[in-house]
Amino acid sequence: MEIKEKDELQKAWLKSAIEDLETAKDLFKLGRFSGCLFFCHLVIEKTLKAIYIKVNDTYPPPTHKLVNLAHLSKLELNREFKLYLIEITTFNVEARYDIFKEKLYKKATKEFTQRYFNITKELFIKFKNLL
């Protein structure tokens with residue numbers, strides 16, 4: 001992959017992640033907690049895909065599993081961050097498929113969503129600093 005293309009792709013993933021972080025914030029303010037959590041997943045996924053491009057010099061795989069993306073991006077995760085990524089991955093699956101949506105609605109309380117929105121911001125900053 002050419003350096004210019006690599007830089008453009010990383011910037012595009014990061015820009016989209018930043019936009020999704022704003023959307024998550026707006027959804028939280030509106031009380032749309034399950035939507036907020038879904039966008040939290042997108043923020044982390046897109047940031048990890050930018051890191052993947054930087055590390056592997058190729059396009060990221062079409063996966064939504066955050067721990068796998070982190071591993072493929074050669075990131076060392078402590079146990080706490082790994083558990084966060086496992087939980088945040090569920091927000092994608094549970095928000096997308098009707099048979100799982102009820103599970104997300106039940107867990108997406110204001111307190112739970114606030115906690116994971118804050119965790120998302122922390123992870124985003126940590127991962128963004130690797131770019």
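Bear in mind that the values in this text are calculations on the coordinates, not laboratory data. The model shown is predicted, which means the values in this text are computed figures rather than measured ones. Reconstructed Cβ throughout: ideal geometry from the backbone, glycine too, with neighbour counts over all protein chains shown.
Looking only at residues that are free of Cβ contacts under 8 Å to residues at least 24 places away in the same chain and touching a helix residue (DSSP H, G or I) at 6+ places or on another chain (Cβ under 7 Å) in the range 38-55, which one is farthest from Leu21 (Cα to Cα)? It comes out as Tyr52. Evaluating Thr63 against the criteria (1) in a helix (DSSP H, G or I); (2) under 24 Å from Asn129 (Cα atoms); (3) among the hydroxyl-bearing types (Ser, Thr, Tyr); (4) out of contact with any Phe, Trp or Tyr (no Cβ under 7 Å at 6 or more places or on another chain) leaves one unmet condition, (1).
Within the range 74-85, identify whether any single residue is surrounded by 15 or more Cβ atoms within 10 Å (Cβ to Cβ), over 13 Å from the mean Cα position of the chain (by Cα) and more than 23 Å from Asn118 (Cα to Cα), and answer yes or no. Scanning the range 74-85 turns up no residue that is surrounded by 15 or more Cβ atoms within 10 Å (Cβ to Cβ), over 13 Å from the mean Cα position of the chain (by Cα) and more than 23 Å from Asn118 (Cα to Cα). Every test in (1) of a type in the set (Lys, Arg); (2) surrounded by 19 or more Cβ atoms within 10 Å (Cβ to Cβ); (3) more than 22 Å from Leu131 (Cα to Cα) is passed by Lys46 save one, and that test is (3).
Just one residue in the set Ala17, Ala50, Ala12 is closer than 16 Å to Glu122 by Cα and small (Gly, Ala, Ser); that residue is Ala17.
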